[in-house]
Amino acid sequence: MTETHQTHGPAALDVTGVVDPSSAPSATDQASLSELRDIPQATVTRLATYLRVLGVLADRDTTTVSSEELAAASGVGSAKLRKDLSFLGPNGVRGVGYEVARLHARIAGALGLDRVHNVVLVGVGNLGQALARYPGFARRGFSLVGLFDSDPERIGVSVGDLVVRHVDELEQACLELEATLGVISTPDEAVQEVADRLVRAGLRCILSFSPTLLDVPDNVETRQVDLAVEMQVLSFNGARNIENGPSSSASSSSNSPSSTSPRNGSVIAP
């Protein structure tokens, strides 16, 4: 996975990812966000988790949250949370906590969620269809606008509100649909060719569900999700927990200051 993270201009979004003028950052917020330096990749991952938790709090009409409460709900220590948020400039008031709507807007701006991203998905097999039907993307500011495949039996089939188009139409369709992000869920042997098509169409963000390393220009951001690797990590952690034994785990969880932190490296990587 690439380690580069580029920040974008700030904006205020509601919990669905739609711009909300009522919670727009102040001029001071905009000035501080515009001066953001590169944020470590692990911090970016945790910021996305904080954003999700803040969205849930906003749905519950919670107006303020303490660092301890937000950290516990996100599965990290409060010290790490405060360090992560320090990349966004001054946040919160001592003894009061963080204003949920304002912090949500600041994190969303730092993550580049100042606009809805149009997403195209290539490879509409079992995994692709599951991704196409996932409702969580829209709630977080990602709009799936196109589905593509090369299998004649899939061309013309409706998946949700979209009709699968031939992959040969991909480059022109990306321009017409104003796509900003491409998702690849094809067999491994087709991944590089699809990535090349997306790059030629002008996309600079690609998410691949294949272990195949992509050869792309330096200005193209890629992320890879290898489900087999994730399961191998789970297997290792499970075996380690069995070796430690239940008494050891109970002791460490009761004495550790980060006992609220779940063992999920994909979500809260250090």
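The values are calculated or read from the model by the stated rules, or taken from the named source; none is laboratory data. Keep in mind it's a predicted model, so treat the numbers as computed, not measured. As a convention, Cβ positions derive from the backbone with ideal geometry for all residues, glycine included, and neighbour counts pool all protein chains shown. Surface areas here come from the heavy atoms of the whole protein model, side chains and all, with no ligands, DNA or RNA. Shrake-Rupley method; radii C 1.70, N 1.55, O 1.52, S 1.80 Å.
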First in region 142-161 and within 13 Å of A130 (Cα to Cα), second anywhere and assigned to a loop (DSSP other than H, G, I, E, B), Cβ under 6 Å, 6 or more apart:
L147/V124; G160/R133
Please determine, by comparing only the residues of region 123-149 that are modelled with pLDDT under 85 and on the phi < 0 side of the Ramachandran plot, which one is least open to solvent (accessible area, probe 1.4 Å).
G136
For residues that are outside any loop (DSSP other than H, G, I, E, B) and farther than 21 Å from Y50 by Cβ, tally how many sit in region 134-144.
2
Check N219 against each of (1) open to solvent by less than 50 Å² (accessible area, probe 1.4 Å); (2) in a loop (DSSP other than H, G, I, E, B) and name the one condition it does not meet.
(1)
From the options V191, V225, residue that is at pLDDT 95 or above and closer than 18 Å to G125 by Cβ
V191
Against the definition (open to solvent by 50 Å² or more (accessible area, probe 1.4 Å), within 16 Å of the chain's Cα centre (by Cα) and modelled with pLDDT under 90), how does S266 come out, yes or no?
yes
Would you check which residues across region 216-239 are touching a residue at least 40 places away in the same chain (Cβ under 8 Å) and out of contact with any His (no Cβ under 9 Å at 6 or more places or on another chain) and list them?
T222, R223, Q224
Would it be correct to say that A190 is open to solvent by 50 Å² or more (accessible area, probe 1.4 Å) and assigned to a helix (DSSP H, G or I)?
no
Here is a list of conditions, (1) over 23 Å from G141 (Cβ atoms); (2) within 19 Å of the chain's Cα centre (by Cα); (3) basic (K, R), and R204 meets all of them except one; can you say which number that is?
(1)
Quick one: is G156 modelled with pLDDT of 95 or more, crowded, with 19+ Cβ neighbours inside 10 Å and either in the same structural domain as A42 (by TED's automatic domain parsing) or farther than 30 Å from D38 by Cβ (or both)?
no
Condition first: assigned to a helix (DSSP H, G or I) and among the charged types (D, E, K, R). Can you find one or more residues in region 145-155 that meet it?
no
For V183, are the conditions met, namely being in contact (Cβ under 8 Å) with a residue 40 or more places away in the chain, outside any helix (DSSP H, G or I) and open to solvent by less than 70 Å² (accessible area, probe 1.4 Å)?
yes
Of all residues in region 162-180, count the ones that are among the charged types (D, E, K, R) and touching a residue at least 24 places away in the same chain (Cβ under 8 Å).
2
Within region 196-215, which residues are free of Cβ contacts under 8 Å to residues at least 24 places away in the same chain and closer than 17 Å to D168 by Cβ?
D196, V199
